[in-house]
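Structure, as structure tokens:
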Amino acid sequence: MGSKVISSAKEFFNVLRSLQDEASNDTYTYEEDIQILKMNGDRIGVVNLYCGNQPVFICQKAVPKINDDQQIAEYSNCADADADTDADADADADADVNVLETELGPEPLTIMKARQLLSWYTLSQNANVSAVDNNPALHPLWVRCDMSDPARTTWFGAETVCVGNKVSGVKLYSVTCKGSTVDKKSLLTLDELKQEHKKRHHPSSMAIKGSARFNLFGSTVVENTVIESQSSVTVDFKWSHVESILETPPLSSTATLNIKVTSGEMRSPMFEMYRELEFLQTLADGLRTGETEWMEPLESTSAVNLTKAYLEELHDTAKTLQDQAAKTAENTKPKSDTDTPIFNSLLERGDLDFVEQLWVRMRKSVISYQDIGDCLKLVIEALRYGDIKPWIHRDSSSSLSKLILQSYHQQIDHVSLTGVTPVHMLLEMGLDKMRKDYINYLIGEELTTLNHLCYYLSTEVDLQEQVIRLRKLHHLLEIIVTCSTFLALPYDRLFLLTQSCLQHYKTYPYDEEHEFKLQIKPALISHFYQKEQPLLWGVEVSSGHGPREVRTSLQLSDRPLVDHVIFETEYPNETVNGDSEDPAFFSTLLCCSLVNFA
């Protein structure tokens, strides 16, 4: 019997070892019904608490692959039995398959199977078991459990303890969960948590640390209606000397903002700028793919008529170039009914030159390639015949700006407005204008310098890359403006955040899912969280040092930290964290045991 167990442990070790050595993270099926995944621990909330972003193995029940056509056929065959409801049955079948596809998630293993996998893992790491070689350390192993034991265990975990290169023991973890409750008296007390730790470890001294996460910005509830938001700003607190469960983080805590902002939200002060960027992206996509989906125009007047009116206005103004610039900037700047006061004060400039004013009119009215060509033809003819002498910024780099400079000397190159040339010219105009908008804000607020913006302002790369870098700059501003407008962060924090974002996007691709981190003093945001309930609150009791440190922790959360089981609640779902003054919390207890190899 013992030799069979050791043989199974060795076989299990060989599978994990081969997965550990492979570069890919493909799923492996073991014993037909067990899936083994290799991933970073920070992708799973509970595992992240102990393993962070180090690689781990996850074991769970293998979910059979479902053939959609087969599923529809099986459902349809059943539905055909009732000829009167064929149409309804077909519709239900389609809906059922869609639900099936979206609801299939990770499945737990039985407690007995989970214990078996952990025993194999532990045996395979024990050099004192004669039939097992002196094996190198494996990644931590975590197994999803079905809560079928009295303790209601949802996870088992195991992690090697090493002295030098030699495995000297294993830490065994268990995670038990309770459904949500508003009854704070039913929650584990701080003294009970300490006793739970002492049962396993008999420490001479213990350290107690608290942690909490609060939501500062994101989806909100207004008059019982949830206003969804893909953007979020949360804050993580860490502190020592916890005195009671669910205590408010003290002002001496360390606090870190987690900032994730999605561009294009209507309540953002950057929304109008985003619409402008959207049009710019439409032009870039058209150049790249040859197909363009034009946006709905924001102006009722056609692009050609707007351009004609603008040229006539300039032609009729008998003033110097400087006066013209002042007049166009002051009096003819187009207004939008959707502009918000915040947006105007943050980003709109009062020094738009001729090309930028033309871009503003065209981007709100162009609906075809023909529009672009016709508008630019009108402008170039007016320049060629000297009807206008427009003013432009000295550092303008678009093709149209160069033609305007030539017109000052009555020498204009011939431009063939065929093919993609007009689109190319309009895209350059937009890039030029929007770059100046962003520079105006960042430099005006003293958040950076031109030297730090060189990567984002370069015109040496192709137009598609210029658009990508402009999108990065826009996303950076969405982040900064969100933190400035809604959180009222002080200058020094905004400056640090700007530098962090600028540095990040020089290396990494555009990613709205990326969470930017920012250290902050709790006093700066105390009015946001001190009267709010946390999304997550935790306390951890620890003893020992280095690799022999052991921890016992309690996590209270507004939603389950485990996604593979269904939790019971003490009240109907619609009351969870709804109108009740008492918040509901799910309780998760994480315990650790240290097993030393003799």
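The values are calculated or read from the model by the stated rules, or taken from the named source; none is laboratory data. Every value quoted in this text rests on a predicted model; they were computed, and no experiment measured them. We place every Cβ from the backbone using ideal geometry, glycine too, and count neighbours over all the protein chains shown. Accessible surface areas use protein heavy atoms only, side chains included; no ligands, DNA or RNA. Shrake-Rupley method; radii C 1.70, N 1.55, O 1.52, S 1.80 Å.
Laid out as a table, the results:
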item	result
Point-charge dipole on Cβ atoms (K/R +1, D/E -1) for the stretch 444-596, about Cα centre, debye to 20	700 debye
Residue 301 - accessible surface, heavy atoms, 1.4 Å probe, Å² rounded to 10	60 Å²
Debye intensity ratio in log₁₀ form over the Cα atoms of the stretch 382-426, taken at each q of 0.26 Å⁻¹	-1.03
Largest-first ordering by accessible area, 1.4 Å probe, given options 484, 240, 407	240, 484, 407
Solvent-accessible heavy-atom area per residue, rounded to whole Å², over the stretch 137-275 at 1.4 Å	47 Å²
For the stretch 410-469, accessible area per residue (1.4 Å probe, heavy atoms of protein chains only), Å²	48 Å²
Gained length - residue 485 relative to residue 443, 0.36 nm times residue gap less alpha-carbon distance	13.4 nm
Hz values of 3J(HN,Hα) by residue in the stretch 153-170 - Karplus curve (6.51, -1.76, 1.60), Gly and Pro given as x	7, 10, 9, 10, x, 8, 9, 6, 10, 10, 10, x, 9, 9, 6, 10, x, 9
Residues with amide H under 5 Å from that of residue 147, placed H, sequence gap 5 or more	153
Whole-angstrom gap from the stretch 410-452 to the stretch 513-567, using each part's C-alpha centre	46 Å
Alpha carbon convex hull of the stretch 237-286, volume per residue in cubic angstrom	133 Å³
Tensor-based shape of the stretch 494-536 (alpha-carbon gyration tensor, a/c under 1.5 rounded, otherwise prolate or oblate)	oblate
Inter-probe distance in nm under a simple model that places probes 7 Å from Cα toward Cβ, at residue 206 and residue 300	7.3 nm
Student exercise, the stretch 133-199 dipole from Lys, Arg, Asp, Glu Cβ charges, in Debye to nearest 20	200 debye
Too-long pairs where the Cα-Cα distance tops 21 Å, listed order kept, from 38/171; 238/506; 364/433; 38/199; 171/199	238/506; 38/199
Gain on full stretching of the segment that runs from residue 291 to residue 308 - 0.36 nm per residue minus C-alpha separation	3.4 nm
Net lengthening on full extension, residue 199/residue 3 (0.36 nm per residue, minus Cα-Cα)	67.3 nm
Per DSSP, loop GluC sites (Glu not before Pro) in the stretch 418-457 with at most 11 further Cβ within 10 Å	446
Cα principal axis extents for the stretch 450-580, largest first, Å	62, 45, 36
